[in-house]
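Reviewing the structure listed below.
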Amino acid sequence: MNLDSIGDWNRTHYTSQITPDLDGQEVTLFGWIQDIRDLGGIRFFILQDREGTIQLTIPKKRVHPEVLTKTNFLQKRFSIALKGMVKKTSMTPRGIEIIPSDVKILGTATEQLPLDITGKTPANIEARLDARPLDLTLEKNLAAFRIQHTALQAIRSFLFGKGFLETHTPRIIASATEGGAQLFCVDYFGQKAYLAQSPQLYKEELTLSFEKVFEVGPFFRAEESHTRRHLSEFTSVDIEQAFADAKDVMALLEQVIYHTCLTVKETCTKELKVLGYKFEVPQLPFKRLTYDQVLEDLKTTGITIPWGEDIPTEAFRELGKLYPFFYFITDWPTHAKAFYIKPREDKPEVCEGFDLMWRYIELVSGGTRISQKEQLIERLKEKGLNPDSFKSHLQAFDFGMPPHAGWAIGLERLTMILTGKKNIREVTLFPRDRVRLTP
């Protein structure tokens, strides 16, 4: 089949913009064939674009023979352009249809598609990810990523309004940000380097100049856990603020979450309806629980955790039943947090770190950072890390490092909360985990 050229055609409308008020007007649309019905004397096509769908109606005795010939070739997922007349009708859910006067076939598709693009026959997550570009055309998936887009736009605009500058730090680094074994090692022109786990050290250094910074970008962890909420490559929304402590950035964080939830609730009504998901905009302030209080709460559920140990997922699931919305956990044992989190001055075994939880999911981690060089060196040693590996970062503390604090939101986990999705891979365009490197 010879494909047509777009030529001088220009889209006049997306499908969502076609209303009964346009009855009798000619429009130009671009999109893909989603479904086909042939009733003999009349043929129906469902055209899909990024905004939705619309019915194309081909009365075989009333359309131009060339249009009829073109439509004989059409199959699902063919990309097309068309000119046609808008017509009111009581036969479609939206009360409109398009009668094509000219059609161009711009791209073809295989006859046997690996997924049902109408969404009527669901597929398992692995089959969907194997054909991810096609999977992303489903209405529910488009809705989920529109919500993610809206959420990120809301976060950015809020932080801009608070005087934060957006920055971009390296992804190839010389030393581990968080320590531990969850590192991807790369050969950097004969030197050993790593893919960044977070922008932590760089954003701290940037408080020396810009004071208030944020970054949105991909980061990497060699995550062995193969669960519904872990990825090897993820998007993080990080902030760092000079002359601030944990309480300051916790207050900022809950405002960011509230603003984002409210924005999604107000502007993504169509997408939330498509997903069949309702969520409540949280009330401020969020509940604050100390680590000690959490241990006491867990005892009421029959779970006992010795002080100082991390809280396992099973325990968090029980905690999420007690607190089924957003809540902070503060005053963690110092040894349980990263080396850069500041110990409390009045009780050094406890630190000024916090996690923001949603039910049982850790959404955000943050805290006051250590701003004294000698104290940071001691914490590095306590964590079994070599201060020499952090020489360039430690140098910044000789240049007037201010008191500072910050946090990091996992964008995919936030999207799970906003969309009701249960698997983080569903809200990641092309997920990477321990078993998946393609597509």
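The values are calculated or read from the model by the stated rules, or taken from the named source; none is laboratory data. Quantities reported herein were computed from a predicted structural model and do not represent experimental measurements. Every residue, glycine as well, gets a Cβ built from its backbone with ideal geometry; the counts of neighbours run over all protein chains shown.
The table for this structure:
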quantity	calculated
Selection count, segment 110-130, where residues are surrounded by fewer than 16 Cβ atoms within 10 Å (Cβ to Cβ), in a loop (DSSP other than H, G, I, E, B) and aliphatic (A, V, I, L, M)	1
Residue in segment 289-311 that is closer than 27 Å to Val427 by Cα, modelled with pLDDT of 95 or more and not in a helix (DSSP H, G or I) present	yes
Among the residues listed as Val216, Val281, the single one being among the β-branched types (Val, Ile, Thr), more than 27 Å from Lys373 (Cα to Cα) and assigned to a strand (DSSP E or B)	Val216
Residue that is modelled with the lowest pLDDT, among those in segment 167-195 that are farther than 24 Å from Pro403 by Cα and among the small types (Gly, Ala, Ser)	Gly180
Count - residues of segment 322-358 that are assigned to a helix (DSSP H, G or I) and in contact (Cβ under 8 Å) with a residue 24 or more places away in the chain	3
Selection from segment 248-303 of residues that are farther than 21 Å from Ala154 by Cα and in contact with a Leu (Cβ under 7 Å, 6 or more places away or on another chain)	Val294, Asp297, Leu298
Answer from Pro343, Pro312, Pro348 - the residue that is touching a Cys at 6+ places or on another chain (Cβ under 6 Å) and either surrounded by fewer than 18 Cβ atoms within 10 Å (Cβ to Cβ) or closer than 25 Å to Ser236 by Cα (or both)	Pro343
Segment 359-383 - residue that is more than 30 Å from Lys422 (Cβ to Cβ) and in contact (Cβ under 8 Å) with a residue 60 or more places away in the chain and, of those, surrounded by the fewest Cβ atoms within 10 Å (Cβ to Cβ)	Lys383
Any hit, segment 370-392, residues being within 25 Å of Leu298 (Cα to Cα), hydroxyl-bearing (Ser, Thr, Tyr) and assigned to a loop (DSSP other than H, G, I, E, B)	no
Evaluation of Gln17 against (1) of a type in the set (S, T, N, Q); (2) closer than 18 Å to Leu106 by Cα; (3) free of Cβ contacts under 8 Å to residues at least 40 places away in the same chain (one fails), failing number	(2)
Arg146, sole failed condition from (1) among the charged types (D, E, K, R); (2) touching a helix residue (DSSP H, G or I) at 6+ places or on another chain (Cβ under 6 Å); (3) farther than 30 Å from Arg436 by Cβ	(3)
Near pairs, Cβ below 9 angstrom, 6+ apart or cross-chain, from segment 185-213 (exposed (fewer than 12 other Cβ atoms within 10 Å of the Cβ)) to any residue that is aromatic (Phe, Trp, Tyr)	Cys185/Tyr194
First in segment 129-156 and touching a residue at least 12 places away in the same chain (Cβ under 8 Å), second anywhere and outside any helix (DSSP H, G or I) and of a type in the set (Val, Ile, Thr), Cβ under 7 Å, 6 or more apart	Leu134/Ile117; Thr137/Ile117; Leu138/Ile117; Leu152/Val216; Ile155/Val237
Glu111, sole failed condition from (1) farther than 30 Å from Lys421 by Cβ; (2) charged (D, E, K, R); (3) in contact with a Ser or Thr (Cβ under 8 Å, 6 or more places away or on another chain)	(3)
Yes/no for Thr428 being of a type in the set (Val, Ile, Thr) and under 30 Å from Ala143 (Cβ atoms)	yes
Residues of segment 58-77 that turn out to be farther than 15 Å from Glu26 by Cβ and crowded, with 17+ Cβ neighbours inside 10 Å, as a count	7
Residue selected from segment 384-399 under the condition exposed (fewer than 15 other Cβ atoms within 10 Å of the Cβ) and touching a residue at least 12 places away in the same chain (Cβ under 8 Å), by the criterion nearest to Arg344 (Cα to Cα)	Gly384
From the options Leu231, Leu253, Leu262, residue that is surrounded by 19 or more Cβ atoms within 10 Å (Cβ to Cβ), part of a helix (DSSP H, G or I) and among the hydrophobic types (A, V, I, L, M, F, W, C)	Leu253
Hey, Ile80 of a type outside the set (Phe, Trp, Tyr), more than 32 Å from the chain's Cα centre (by Cα) and crowded, with 18+ Cβ neighbours inside 10 Å or not	no
Yes/no for Glu215 being at pLDDT 95 or above, within 23 Å of Ala244 (Cβ to Cβ) and over 20 Å from the mean Cα position of the chain (by Cα)	no
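Yes or no, residue by residue, for (1) outside any strand (DSSP E or B); (2) touching a residue at least 12 places away in the same chain (Cβ under 8 Å); (3) out of contact with any Asp or Glu (no Cβ under 8 Å at 6 or more places or on another chain):
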site: Trp9; (1), (2), (3): yes, yes, yes
site: Thr28; (1), (2), (3): no, yes, yes
site: Arg37; (1), (2), (3): no, no, yes
site: Phe45; (1), (2), (3): no, yes, no
site: Lys70; (1), (2), (3): yes, yes, yes
site: Thr92; (1), (2), (3): yes, yes, yes
site: Glu97; (1), (2), (3): no, yes, yes
